[in-house]
Structures are given as structure tokens and as C-alpha cells.
Amino acid sequence: MMDLLEVINSVLSKNGLITSFIFVGCIVWVSYFISDKLTDGKFHGSALAILLGLLFAYLGGTYTGGEQGVADISFLSGVGLLGGAMLRDFAIVATAYGVRFEDLKSSGLAGVLSLFIGVILSFFAGAAVAVIFGYSDATSITTIGAGAVTFVVGPVTGSALGASSDVIALSIAAGLVKSILVMVGTPFLAKHVGLNNPKSAMIFGGLMGTNSGVAAGLAAVDPKLVPYGAMTATFYTGLGCLLAPSFLYLIIHIIY
Amino acid sequence: MVIYGVALLSFCMVLGIILGELLGRLFGVDANIGGIGIAMLLLIFLSDYFKKSFRLGDITEKGITFWSMIYIPIVVAMASKQNVLGAIDGGLVALFAGGIAVLLSFLMIPILSKIKK
């Protein structure tokens with residue numbers, strides 16, 4: 001009996017990517033079943049699938065103590081590849097196929113504006129929280145503010161400014177909170193903020209900026225909107241890395 | 001041939017990321033600036049160009065549309081590998097910093113949507 005389990009475990013681990021197709025297929029099937037039967041389709045199946053994925057990630061993290069959700073469980077390691085940045089970005093680029101350039105151009109200005117407002121707004125929200133919680137040196141405040149931009153901007157800014165490692169860890173956590181809240185919150189808030197057309201999707205992408213949050217959030221609302229949001233979001237982290245350690249740090253430095 | 005579509009998609013992505021990487025270097029930033037966005041623009045332009053000059057062919061097209069359709073499952077896998085525990089372990093500072101940033105950003109969507117052009 002032990003042998004059989006061992007064989008299954010080793011086959012699943014060795015064919016990780018294939019196993020991940022089964023894992024995700026099951027989650028999606030269960031989610032669409034629940035969405036259909038229990039909520040009469042009112043709660044979108046893909047939104048439910050993403051929530052279920054996050055729940056599994058939480059359980060996986062608790063069980064293994066790792067940072068990769070279920071991907072730290074050996075036979076589910078393929079989920080890390082399927083859900084990793086490479087395939088995610090590949091699929092995002094593919095969604096652009098068939099997008100009309102006119103739609104992008106007509107919301108270009110709002111998109112660019114949302115990028116700058118998004119980075120600056122998130123930064124100062126994070127910085128203000130840092131101040132409220134008693135941080136008083138410009139480096140720590142800037143790093144935590146940068147973490148509220150995205151979990152990439154936080155550590156990039158923190159190491160550029162020489163922040164302590166616990167502050168950098170905190171900035172990553174702030175970025176993770178943001179990304180997960182966007183995933184969870186978007187399907188609930190979409191209706192109330194008019195997120196239902198290419199233009200508002202571009203603004204949404206520019207304001208939120210977290211690639212994973214925007215990708216999952218729009219997938220749960222309307223997959224047709226994905227390319228528009230992803231288009232602006234892809235510039236966000238770069239802009240954040242540009243502004244946070246320079247211009248924004250300078251402002252914080254003048255205040256403190 | 002289905003590989004033509006996949007190859008075209010891959011070409012756009014790689015070229016976009018290279019350009020994004022160079023853009024980052026140009027600004028002296030240790031990050032890719034808009035690589036995926038540039039890749040998307042490339043794909044939009046190229047597919048537009050192909051449509052006008054010669055047809056891409058149904059099978060070739062499927063090499064691109066398959067990946068576009070597998071998008072949601074990929075996102076579900078992505079959700080399943082998030083460091084949810086790390087977000088919770090960050091405590092109140094992380095929760096408020098990230099949470100308030102998200103809330104304010106959501107509130108800005110209707111305001112920015114009013115911009116005409």
C-alpha cells in the first residue's frame with residue numbers, strides 16, 4: 001500500500017506541470033458548479049475559482065511553511081510553473097490578439113494619468129500608515145510606502161535606500177496584501193465603480209498596478225477587459241521603481 | 001501551422017521584454033518598464049498588419065487564441081501559489097498600508113473615467 005502511494009506521489013511530482021492541469025481543472029469545475037447551482041450564476045465561476053485558489057494557497061502555506069502556496073507541496077510543484085510569471089505574461093500577451101488599437105488610443109490619456117495617480121496615491125497611503133504606526137525615518141517610511149505600490153517596488157526601493165531587512169519584509173507584505181485584496185475585492189466592487197468597459201479597465205490597471213491582482217481581478221469580472229487593464233498595469237511597477245527611490249523619497253525626506 | 005501562431009506570440013513577448021529591460025536601463029531602474037505592454041502592442045500591430053497583407057490562417061490563429069483562452073486557468077494557478085500567509089503575517093501595518101492603497105485607488109476609478117479623451 002505504501003508503495004502505491006509512493007509511486008503515485010513520484011509520478012505526480014515528476015510530471016508537475018501536467019498534474020497542475022488536473023488540479024486547476026478540478027478547482028475550475030467545482031467553482032463553476034457551485035456558481036451555477038448555488039448562486040444561480042450570480043457569482044462568477046472564475047471569481048470563485050480564484051478565491052478557492054487563494055484559500056488553497058493559504059492552506060498550502062500553513063501546511064508547508066513556504067512562500068509558494070500549494071506549489072511548495074511536492075506533487076503540486078507544477079502549479080508554480082503554470083501560475084508563474086512566464087506563462088501568466090504569455091497568456092496576457094495572447095489576450096491582446098484581436099484588440100482594436102482605436103480602443104487603446106481613445107483612453108490613452110486617462111490610462112497614462114491613472115498610472116501616475118495610482119503610484120503616487122498608493123505610495124502616500126502606505127507612507128501615511130507607516131507614520132501613524134510610529135516610523136519616523138525617511139528611509140523606512142519611503143520603503144513601506146513603496147511596498148503599498150507593489151511588492152516589487154518595496155524591496156527595490158528599500159535596498160536602494162539601505163532600509164533594514166524587517167522594513168523591507170514589511171513592504172513586501174504590504175504589497176502582497178494589496179495584490180490579494182485586488183484579486184478578492186474586484187468582483188465585488190466592479191459594479192459600483194463602473195468597471196465594465198475598456199476605458200475603465202485601462203484606468204483600473206493603471207491605478208492598481210499589481211500585475212497579479214489586475215490579471216485575476218479582471219478575469220473574474222470580464223475576461224474581455226483583461227488586455228486593457230494589463231496594458232497599463234505593466235508600466236506601473238517600472239514607474240514605481242523610477243519614482244519611489246528618487247522623487248517620492250525626496251518629498252518624504254524634506255518632510256522628515 | 002499552429003506553431004506559427006505560437007512562435008509569433010513568443011516573438012512578440014521576448015522582443016517586448018527586451019525593449020522593456022532596455023527602457024529600465026535607460027532610466028537607471030532595476031525593473032522592466034512596460035515589457036509586456038510593449039509585447040501586447042507589437043502583437044496588435046503585427047496581427048493588424050497580417051490581416052491587411054495576407055491572412056494568418058485559422059490554424060495559425062489557434063496558436064494564439066489557445067493561450068488567450070487558457071488565461072483564466074493560469075490565473076487560478078497563480079492565485080494558488082500566492083504567499084497568502086505572508087500577507088497575513090505582515091500584521092496591521094501591512095494590512096492598512098496595502099488596504100488603504102487599494103481602497104483609495106478603487107475610489108479614483110469613477111473620477112478618472114470622466115476624462116473625455
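The values are calculated or read from the model by the stated rules, or taken from the named source; none is laboratory data. What you are looking at is a predicted structure, and each value in this text was computed from that prediction instead of being measured. Using ideal geometry, Cβ is built from the backbone for each residue, glycine included, and neighbour counts are taken over all protein chains shown. For accessibility, only protein heavy atoms count, side chains too; no ligands or nucleic acids. Shrake-Rupley method; radii C 1.70, N 1.55, O 1.52, S 1.80 Å.
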Could you please report the charge total around residue A:202, scoring K, R as +1 and D, E as -1 over all other residues with beta-carbon less than 12 angstrom from its beta-carbon?
-> +1
Taking just the C-alpha trace of the stretch B:2-82, give me its Rg and Dmax in Å.
-> 14.9, 44
Could you rank the peptides A:238-245, A:193-200 by their average count of other C-beta atoms within 10 Å per residue, with the highest value first?
-> A:238-245, A:193-200
Sum of side-chain charges, residue B:86 neighbourhood, beta-carbon under 15 Å (Lys, Arg +1; Asp, Glu -1) = -2
Tell me, what HN-Hα J-couplings in whole Hz come from the Karplus equation 6.51 cos²θ - 1.76 cosθ + 1.60 at θ = phi - 60° for each residue of the stretch A:37-45, using x for Gly and Pro?
-> 7, 9, 10, 6, x, 5, 9, 4, x
Which is farthest toward the positive dipole end of chain A among A:253, A:116, A:70, measuring Cα position about the Cα centre, with Cβ charges +1 (Lys, Arg) and -1 (Asp, Glu)?
-> A:116
One finds the C-alpha centres of the stretch A:19-65 and the stretch A:146-160 to be spaced, in Å, by 30
Relative contact order for the stretch A:2-83, counting Cα pairs under 8 Å that sit 6 or more residues apart, in percent = 35
For labels at residue B:65 and residue A:133 in the simple 7 Å Cα→Cβ model, what's the distance in nm?
-> 4.8
If you wrap the protein assembly as shown's Cα atoms in a convex hull and average its projection over all directions, what's the area in nm²?
-> 20.3
With respect to the cross-link table entries A:14/B:51; A:105/A:191; A:178/A:199; A:199/B:52; A:37/B:81, which display a Cα-Cα separation exceeding 32 Å?
-> A:14/B:51
Contact order normalised by residue count of chain A, Cα under 8 Å, 6+ apart, percent = 19
For residue B:115 and residue B:48, calculate 0.36 nm times their separation in residues minus their Cα-Cα distance, and state this gained length in nm to one decimal.
-> 21.3 nm
With every protein chain in place, the stretch A:101-255: carbon and sulfur % of accessible area (1.4 Å) = 70
Write down the accessible area per residue of the stretch A:2-83 in Å², having rolled a 1.4 Å probe over the full set of protein chains.
-> 58
In Å², rounded to the nearest 100, what is the total accessible surface buried by chains B and A against each other with a 1.4 Å probe?
-> 7000
When you look at the Cβ of every residue in A:58-70, what mean number of other chain Cβ atoms sits within 10 Å?
-> 5
Accessible area expressed per residue, chain B, with surrounding protein chains retained (probe 1.4 Å, Å²) = 52
Within 10 Å of each Cβ in peptide A:192-201, how many partner chain Cβ atoms are there on average? Round it to a whole number, please.
-> 3
Label-to-label distance, nm, for residues given as residue B:10 and residue A:113 (7 Å Cα→Cβ offset) = 4.2
How far apart, in nm, are two points set 7 Å out from the Cα along the Cα-to-Cβ line at residue A:86 and at residue A:8?
-> 3.0
Using packing as a proxy for protection, rank A:222-235, A:125-138, A:100-113 so that the peptide with the highest average count of other Cβ atoms within 10 Å comes first.
-> A:222-235, A:125-138, A:100-113
Heavy-atom accessible area of chain B with neighbours in place, 1.4 angstrom probe: carbon+sulfur share in percent works out to 74
Note on chain B: contact order normalised by length, alpha-carbon pairs under 8 Å, 6 or more apart, percent, works out to 25
What are the semi-axes of the equivalent ellipsoid for the stretch A:2-83, taken as the square roots of 5 times the Cα gyration tensor eigenvalues, largest first, in whole Å?
-> 26, 15, 11
Output field shielding_mean for A:47-57 (other chain Cβ, 10 Å radius) holds 5
